[in-house]
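These notes are about the structure you will find just below.
The values are calculated or read from the model by the stated rules, or taken from the named source; none is laboratory data. Computed from a predicted model, the values in this text were never measured in an experiment. All Cβ positions, even for glycine, are placed from backbone atoms using ideal geometry, and neighbour counts span all protein chains on display.
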Amino acid sequence: MRVPTSTSGHRGRAEHSPLPDFCGLPALFALFVVGALTVTVIWLARDNQRDWSAYSVSMLFVTWLVLVFTVVLCKLRPLLQRLPGLTPYLGVWLLIVLIVTVASIVARWLDSSLQMHLIGSSTPAFVRDNAFIAALLGAAMLRYFYVLAQWQARLAAVTRAQVEALQARIRPHFLFNSMNTVAALIRVDPAAAERTVEDLSELFRAALGQHDNGDDTLGDELALIERYLAIEQLRLGARLHVRRELEDLPTEFPLPRLLLQTLVENAIRHGIQPLLEGGEVILRGRRDGNGIRIEIINPLPTSPASPGNGHGLDSVRQRIAYRYGPNAKVQAGVQGDSFVVLLQLPGPSA
């Protein structure tokens with residue numbers, strides 16, 4: 001069950017509902033697996049000779065119950081969500097016990113009327129045992145759904161907080177250096193000063209959040225990187241060299257805002273700036289199936305990097321894990337005399 005985030009209060013309350021989506025396949029699959037395992041364990045625990053026909057009928061009964069659960073809970077979920085606190089879970093639990101009780105009464109009546117003799121116990125005992133098992137399993141499953149929902153809500157909140165902090169952060173030294181560059185260019189090269197101001201405005205627009213959702217496209221991010229590099233090129237001059245090896249990248253690929261820009265900024269701050277002679281930053285990218293593969297390479301400084309190195313990488317890792325799931329990969333480390341950050345991001349259908 002994926003818990004999306006939202007900036008509006010009304011949508012946030014709806015999306016962070018404690019109840020899972022009973023209309024979806026994950027909830028249906030979980031209910032069926034739990035029911036099938038329960039029937040199998042009870043059947044294997046019998047001391048007498050195992051009856052395959054009784055096992056098959058029990059599995060059919062559980063499958064029918066799971067379908068009834070899914071339909072009823074899917075239809076009643078909007079009503080249950082309106083209940084306060086954890087009352088929705090209590091309502092779901094009562095519905096599960098009620099459905100199992102009624103279904104057990106009907107099954108016992110059919111077994112007796114058709115004289116199938118598949119149920120050996122009396123009606124009260126059969127109904128009581130099934131209701132007790134449903135109460136225990138229902139409570140355990142709802143507890144699991146609740147913990148999962150809370151974990152996903154916390155992960156979404158942490159990710160949103162990190163994105164907002166990243167969007168609100170323009171390093172003061174970068175801003176001051178850029179403004180000093182603009183001031184120096186006003187008399188010497190007014191056109192370059194004007195371009196720098198435009199680049200700064202685009203960086204501020206992205207940092208402060210131009211869109212409601214957290215995604216831009218790869219093309220937008222690469223354009224933003226070019227604006228950032230243009231500013232840094234004016235500041236660092238011949239010390240900064242940038243090599244671009246971008247092969248047939250899908251510019252429409254969805255990408256969290258300021259993701260690559262953060263990595264390029266780290267590469268310049270920790271790889272180029274400490275070196276008196278400067279160095280080369282390599283931006284390498286290509287398609288990888290229906291996804292993309294991006295590498296950002298910078299030279300290793302001879303002196304230790306300034307404090308704070310690694311925070312940006314941790315933020316990128318968490319944002320990518322939340323946005324793309326377990327199929328995404330982030331690797332960072334020393335290779336020879338360079339520091340390499342590798343991103344492998346899956347496409348939408350991966």
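Only one of L240, L234, L224 is modelled with pLDDT of 90 or more and among the aliphatic types (A, V, I, L, M); which?
L240
With segment 240-333 as the region, which strands (runs of 3 or more DSSP E) entirely inside it contain at least 2 residues that are within 17 Å of the chain's Cα centre (by Cα), touching a residue at least 24 places away in the same chain (Cβ under 8 Å) and in the same structural domain as D216 (by TED's automatic domain parsing)?
254-256
Which number in (1) over 20 Å from L25 (Cβ atoms); (2) at pLDDT 85 or above; (3) surrounded by fewer than 16 Cβ atoms within 10 Å (Cβ to Cβ) marks the one condition that G85 misses?
In the conditions (1) over 20 Å from L25 (Cβ atoms); (2) at pLDDT 85 or above; (3) surrounded by fewer than 16 Cβ atoms within 10 Å (Cβ to Cβ), G85 misses (2) alone.
Only one residue in V92, V158 is under 22 Å from L31 (Cα atoms) and either surrounded by 18 or more Cβ atoms within 10 Å (Cβ to Cβ) or out of contact with any Ser or Thr (no Cβ under 8 Å at 6 or more places or on another chain) (or both). Which one?
V92
Considering only segment 260-269, I want to know if a residue exists there that is of a type in the set (D, E) and in contact with a Phe, Trp or Tyr (Cβ under 8 Å, 6 or more places away or on another chain).
Within segment 260-269, one or more residues are of a type in the set (D, E) and in contact with a Phe, Trp or Tyr (Cβ under 8 Å, 6 or more places away or on another chain).
Report whether or not Y89 is under 29 Å from the mean Cα position of the chain (by Cα), of a type outside the set (D, E) and either more than 20 Å from Y146 (Cβ to Cβ) or assigned to a helix (DSSP H, G or I) (or both).
Against the criterion (under 29 Å from the mean Cα position of the chain (by Cα), of a type outside the set (D, E) and either more than 20 Å from Y146 (Cβ to Cβ) or assigned to a helix (DSSP H, G or I) (or both)), Y89 qualifies.
Just one of (1) at pLDDT 85 or above; (2) out of contact with any strand residue (DSSP E or B) (no Cβ under 6 Å at 6 or more places or on another chain) trips up A184, so point out which.
(1)
Just one of R169, R143, R160 is at pLDDT below 80, part of a helix (DSSP H, G or I), of a type in the set (D, E, K, R) and on the phi < 0 side of the Ramachandran plot; which is it?
Within the list R169, R143, R160, the selection yields R160.
Does S104 satisfy being farther than 20 Å from L28 by Cα, touching a helix residue (DSSP H, G or I) at 6+ places or on another chain (Cβ under 9 Å) and of a type outside the set (A, V, I, L, M, F, W, C)?
Spelling it out, S104 is indeed farther than 20 Å from L28 by Cα, touching a helix residue (DSSP H, G or I) at 6+ places or on another chain (Cβ under 9 Å) and of a type outside the set (A, V, I, L, M, F, W, C).
Is it the case that A36 is over 14 Å from F145 (Cβ atoms), surrounded by 12 or more Cβ atoms within 10 Å (Cβ to Cβ) and in the same structural domain as L136 (by TED's automatic domain parsing)?
Against the criterion (over 14 Å from F145 (Cβ atoms), surrounded by 12 or more Cβ atoms within 10 Å (Cβ to Cβ) and in the same structural domain as L136 (by TED's automatic domain parsing)), A36 qualifies.
Going by the conditions given, is A223 free of Cβ contacts under 8 Å to residues at least 24 places away in the same chain and under 27 Å from D314 (Cβ atoms)?
Taking the combined requirement at face value, the residue satisfies it.
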